[in-house]
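The next block holds one structure in the form of structure tokens; read it before the comments.
The values are calculated or read from the model by the stated rules, or taken from the named source; none is laboratory data. Bear in mind that the values here come from a model prediction, so they are computed numbers and not experimental data. Cβ sites come from the backbone with ideal geometry, for glycine too, and all protein chains shown count toward neighbours.
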Amino acid sequence: MIDIKYLRENPDAVRASQKGRGEDASIVDKVLAIDEVRRAAIEKFETLRAEQNLLSKSVGSAKGDDKAALLENAKELAIKVKDADSKRAEVEEESKRLIMQLSNLLDPDAPIGTEADFVIIEHVGTPRSFDFQPKDHVELGKLLGAIDTERGAKVAGSRSYYLTGVGAMLEFALVNYAISSALKAGFTPVIPPVLVNPAAMEGTGFLGQAAENVYHLEKDDVYLVGTSEVPLAAMHMDEVLPADKLPIRYAGYSSCFRREAGTYGKDTRGIIRVHQFDKVEMFSFCHPDQAKEEHKRLLQWEKDFLNAMEIPYRVIDVASGDLGASANRKFDIEAWIPTQEAYREVTSTSNCTEFQARRLNIRFKDADGTKAVATLNGTLVAIPRMIVAILENHQNADGSVNVPAALQPFLGTQRFELV
């Protein structure tokens, strides 16, 4: 949520940010207008309540006809106070509804444009030149007995799959390597709930633009999360964190669920774009002044992971129109997928500044008072896409796949053989 004080003092900056995202800038004027009404309603209510309190004291010391008159005035005033309180609550609710429609302020360094307007920051590694026709991950998955999309579709519908044999073992190895890496970096491992209430989902910004991809269990009014960012962010909802403990870092392992609405006919083959997958997500609560540096650290940990998997990749600075509501800047890492001859996103890290924390009421206290913390997130490993990248980049002519050295201790083998 945007700081209302900042919005009052810098409306043009917020309008420019909205326009940069390709979103409605007129909401800024609506928020400012309702804010004036809200402050007037609060002032009227507090004035009437003060008058009521003063009158109550007068009634206690009055006698006779004076007391009767004061009691009659008190009844009339009580009605006015109740009406003013009701109006205040109504206006405050409308004010909150409008300001929640504003996305986070863009980082001045974020590229402006639509999805295709990203900026490439760096390339790492060189795509492999094969002396044979490389197989895609679906074919390799069958040869290795690792991926079964046909039975997945039979049991759960399209974009569903089984990981079997070495496929399942590869997931366990990736998760174990990710968690061990996170522990070394000072993260606390967490297995969070994947069913969350509306406050958690709305607070993290996933009921706006992203709502179409969210699974909602209407009978229970809970949501299946699309990322453990949601329960990790909401973990400290309505809390004041000790400033000397910041940054507080969590590494959450969970299943994630996404409808993939609007992607009809896109990536329907294999396990690149699926409805359910497992992921290890980094999450950090830090001092706002440290958020940019923390963002760089999260990106470096993601790069370290890709380097350990021995996969060529590039890092991109995501354009403003593709950031999502909560992020003010986002970096994606895209791994090289040989059979597509393209880089595909495998991890992402976002700086959400104080935007989510204001919505979730997460603060810290220091010598200067109580303020909202900054929140940041970063995917350490999203299992299906990492499996795709490993299988395709490390395959041999016969369909066997070499195991990256970093994963060999977890798998007890240097190569996946055909079944």
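Return the residues of region 140-182 that are in a loop (DSSP other than H, G, I, E, B) and either touching a helix residue (DSSP H, G or I) at 6+ places or on another chain (Cβ under 9 Å) or polar (S, T, N, Q) (or both); say none if nothing qualifies.
Once the filter is applied, which keeps residues that are in a loop (DSSP other than H, G, I, E, B) and either touching a helix residue (DSSP H, G or I) at 6+ places or on another chain (Cβ under 9 Å) or polar (S, T, N, Q) (or both), region 140-182 yields G145, A146, S158, R159, S160, Y161, T164, G165.
Evaluate region 5-26: report whether one residue or more is of a type in the set (V, I, T), out of contact with any Cys (no Cβ under 6 Å at 6 or more places or on another chain), part of a helix (DSSP H, G or I) and at pLDDT 95 or above.
Filtering region 5-26 down to residues of a type in the set (V, I, T) leaves 14.
Pick out the ones that are also out of contact with any Cys (no Cβ under 6 Å at 6 or more places or on another chain) and you get 14.
Right, trim to part of a helix (DSSP H, G or I) and you get 14.
Subsequent filtering for residues that are at pLDDT 95 or above retains 14.
Taking every residue of region 5-26 in turn, at least one turns out to be of a type in the set (V, I, T), out of contact with any Cys (no Cβ under 6 Å at 6 or more places or on another chain), part of a helix (DSSP H, G or I) and at pLDDT 95 or above.
Tell me, yes or no, whether region 50-67 has at least one residue that is over 30 Å from A319 (Cβ atoms), modelled with pLDDT of 90 or more and not charged (D, E, K, R). So that I can check it myself, show each step before the final result.
In the first step, residues of region 50-67 are kept if they are over 30 Å from A319 (Cβ atoms); the result is 50-67.
Subset that is modelled with pLDDT of 90 or more: none.
No.
For region 126-139, state whether one or more residues are within 30 Å of R329 (Cβ to Cβ), touching a residue at least 60 places away in the same chain (Cβ under 8 Å) and either part of a loop (DSSP other than H, G, I, E, B) or not polar (S, T, N, Q) (or both).
Our first condition is that a residue be within 30 Å of R329 (Cβ to Cβ); within region 126-139, this holds for 126-127.
When the remaining residues are screened for being touching a residue at least 60 places away in the same chain (Cβ under 8 Å), the result is 126-127.
From what's left, either part of a loop (DSSP other than H, G, I, E, B) or not polar (S, T, N, Q) (or both): 126-127.
Within region 126-139, one or more residues are within 30 Å of R329 (Cβ to Cβ), touching a residue at least 60 places away in the same chain (Cβ under 8 Å) and either part of a loop (DSSP other than H, G, I, E, B) or not polar (S, T, N, Q) (or both).
Scan region 365-375 and give yes if some residue there is of a type in the set (A, V, I, L, M), assigned by TED's automatic domain parsing to the domain that holds N176 and over 16 Å from K245 (Cα atoms), otherwise no. Don't jump to the end; show me each part of the working.
So the first thing to find is which residues in region 365-375 are of a type in the set (A, V, I, L, M), and the list is 367, 372-374.
Filter once more, keeping what is assigned by TED's automatic domain parsing to the domain that holds N176: 367, 372-374.
Within this subset, residues satisfying the condition of being over 16 Å from K245 (Cα atoms) are none.
No: zero hits.
Any chance region 91-109 includes a residue that's surrounded by fewer than 18 Cβ atoms within 10 Å (Cβ to Cβ) and in contact with a strand residue (DSSP E or B) (Cβ under 9 Å, 6 or more places away or on another chain)?
For region 91-109, residues surrounded by fewer than 18 Cβ atoms within 10 Å (Cβ to Cβ) and in contact with a strand residue (DSSP E or B) (Cβ under 9 Å, 6 or more places away or on another chain): present.
So if I check each of K219, K245, which one is assigned by TED's automatic domain parsing to the domain that holds P288, more than 14 Å from the chain's Cα centre (by Cα), within 24 Å of K371 (Cα to Cα) and free of Cβ contacts under 8 Å to residues at least 24 places away in the same chain? Before you say what the answer is, go through the steps one by one.
Details: K219 fails: within 24 Å of K371 (Cα to Cα).
Within the list K219, K245, the selection yields K245.
If we keep just the residues of region 366-397 that are of a type in the set (D, E, K, R) and more than 24 Å from the chain's Cα centre (by Cα), which is farthest from T188 (Cα to Cα)? Even if it seems obvious, please write down each step before you answer.
Kept after step one, since they are of a type in the set (D, E, K, R), are these residues of region 366-397: 366, 368, 371, 385, 392.
Still in the running and more than 24 Å from the chain's Cα centre (by Cα): 366, 368, 392.
Details: D366: 23, D368: 28, E392: 32 Å.
Once the filter is applied, the top-ranked residue is E392.
Go through region 5-31 and report how many residues are in contact with a helix residue (DSSP H, G or I) (Cβ under 6 Å, 6 or more places away or on another chain) and of a type outside the set (K, R). Before you say what the answer is, go through the steps one by one.
Going through region 5-31, the residues in contact with a helix residue (DSSP H, G or I) (Cβ under 6 Å, 6 or more places away or on another chain) turn out to be 7, 11, 14-15, 20-22, 25, 28, 30-31.
Cutting the leftovers down to of a type outside the set (K, R) gives us 7, 11, 14, 20, 22, 25, 28, 31.
The number of residues fulfilling the criteria is 8.
Considering each residue of region 257-276, count those that are more than 22 Å from the chain's Cα centre (by Cα) and surrounded by fewer than 16 Cβ atoms within 10 Å (Cβ to Cβ), and give that number.
So the count comes out to 6.
Can you pull out the residues in region 31-57 that are under 19 Å from Y6 (Cβ atoms) and either in contact (Cβ under 8 Å) with a residue 40 or more places away in the chain or touching a strand residue (DSSP E or B) at 6+ places or on another chain (Cβ under 7 Å) (or both)?
First pass over region 31-57, keeping only residues under 19 Å from Y6 (Cβ atoms): 31-36, 38-39.
Correct list: V31, I34, D35, R38.
Could we say that D107 is under 30 Å from I248 (Cα atoms), part of a loop (DSSP other than H, G, I, E, B) and of a type in the set (D, E) here?
Working: under 30 Å from I248 (Cα atoms): yes; part of a loop (DSSP other than H, G, I, E, B): yes; of a type in the set (D, E): yes.
It is true that D107 is under 30 Å from I248 (Cα atoms), part of a loop (DSSP other than H, G, I, E, B) and of a type in the set (D, E).
Give region 187-225 a look and list any residue that's modelled with pLDDT of 95 or more and touching a Lys or Arg at 6+ places or on another chain (Cβ under 6 Å), or say none.
F187
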